[in-house]
Amino acid sequence: MTLIMLKKRVCISFVLENCENDKHRNKIISSLQQTISNNFHDYQGLFLCANNNILSVFLFYKVEQSNIAVVNITYNIVSDLYTKLGDSISCTLNIGISRCHCGLNSIRTTFKDTLNAINLNKHQNNRQAISCYTDKQEYHLLSTLPEAYLEKLCEDTISPLIEFDKNNNGNLITTLKIYYLNKFNSTDTAKKLFLHRNTLIHRLDKVKELLHNDFTDSDKMFSIYLGICAYEILNT
């Protein structure tokens, strides 16, 4: 046990929803436990625990491995397992992956990471079954800040867009976010938003006008993106 506590760890939580009843849920949990045990039997460290509708797995890694490598390995393992499960899970399955942590005192934090990742995924209406905490570090970091700070961040970065969308039933904030995440590629953004490219260009021109920004300054654009993240946190 002492050697395991010295290792790095990542938690994976499988959260079941919309089960028919407790018997159905318990049957799925038992099946998941067996599948995980069978697939990870050669793994260097594994700890399973279940409570109600949550099954959590702690994977242990050597301290010499980088946090980035550890989380990436974990994600690949979970992705492969999810593919193998296919349609065998007859209920809604949400999977959360934590950050990499060390030490006995980090067990609670590691577990909470998985639930925070899943909850954020739900609030953003994402359809991915697997939510990785480290993929949304900006949201998790901002969510620890006081609400007044988030409001100020929105005011300083995207307030004209908020007012425009409110008064015109517009969608400039979402448009700019998708444009940013698609690396300012108009074609990919238009496809993602199901828009004609000319419609997208018209929207982006309006954003430039309201923000007095031509999207060429990467630092300013990152600040604006953080403002959008703060706005989403305040409105979820």
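Residue selection: Ala230 satisfies the criterion of being within 21 Å of Lys136 (Cα to Cα), outside the structural domain of Leu120 (by the TED database), at pLDDT 95 or above and among the hydrophobic types (A, V, I, L, M, F, W, C). Residue check: is Tyr149 surrounded by 15 or more Cβ atoms within 10 Å (Cβ to Cβ), part of a helix (DSSP H, G or I) and within 24 Å of the chain's Cα centre (by Cα)? When the stated conditions are applied, Tyr149 does not pass them. Filter segment 181-214 down to the residues that are part of a loop (DSSP other than H, G, I, E, B) and of a type in the set (A, V, I, L, M, F, W, C), then identify the one that is farthest from the chain's Cα centre (by Cα). Top of the filtered list is Leu195. Considering only segment 192-222, how many residues are touching a helix residue (DSSP H, G or I) at 6+ places or on another chain (Cβ under 7 Å) and surrounded by 12 or more Cβ atoms within 10 Å (Cβ to Cβ)? Residues meeting the conditions: 14.
Taken as a whole, the structure leaves Ser131 outside the set of residues that are touching a Cys at 6+ places or on another chain (Cβ under 8 Å), at pLDDT 95 or above and in the same structural domain as Thr35 (by the TED database). Could you check how many residues of segment 152-169 are without any contact (Cβ under 8 Å) to a residue 24 or more places away in the chain and not in a helix (DSSP H, G or I)? Adding up the residues that qualify gives 1.
Of note, Thr175 does not satisfy the criterion of being part of a loop (DSSP other than H, G, I, E, B), closer than 30 Å to Ile118 by Cβ and touching a residue at least 24 places away in the same chain (Cβ under 8 Å). Take the conditions in contact with a helix residue (DSSP H, G or I) (Cβ under 9 Å, 6 or more places away or on another chain) and of a type in the set (Lys, Arg) and apply them to Lys166. Does it pass? Spelling it out, it is not the case that Lys166 is in contact with a helix residue (DSSP H, G or I) (Cβ under 9 Å, 6 or more places away or on another chain) and of a type in the set (Lys, Arg). For first residues located in segment 53-79 and under 16 Å from Gln137 (Cβ atoms), partners that are among the basic types (Lys, Arg) and buried (at least 18 other Cβ atoms within 10 Å of the Cβ) and lie 6+ apart or on another chain with Cβ distances below 9 Å form the pairs Asn67/Lys8; Asn67/Arg99; Val70/Lys8; Val70/Arg9; Val71/Arg99. Taking first residues from segment 110-125 that are over 11 Å from Val15 (Cβ atoms) and in contact (Cβ under 8 Å) with a residue 12 or more places away in the chain and partners that are surrounded by fewer than 20 Cβ atoms within 10 Å (Cβ to Cβ) and aliphatic (A, V, I, L, M), no Cβ contact under 7 Å between residues at least 6 apart in sequence or on separate chains turns up.
The values are calculated or read from the model by the stated rules, or taken from the named source; none is laboratory data. Small disclaimer: the values here were computed from a predicted structure and weren't measured. Glycine also receives a Cβ, built like all others from the backbone with ideal geometry; neighbour counts cover every protein chain displayed.
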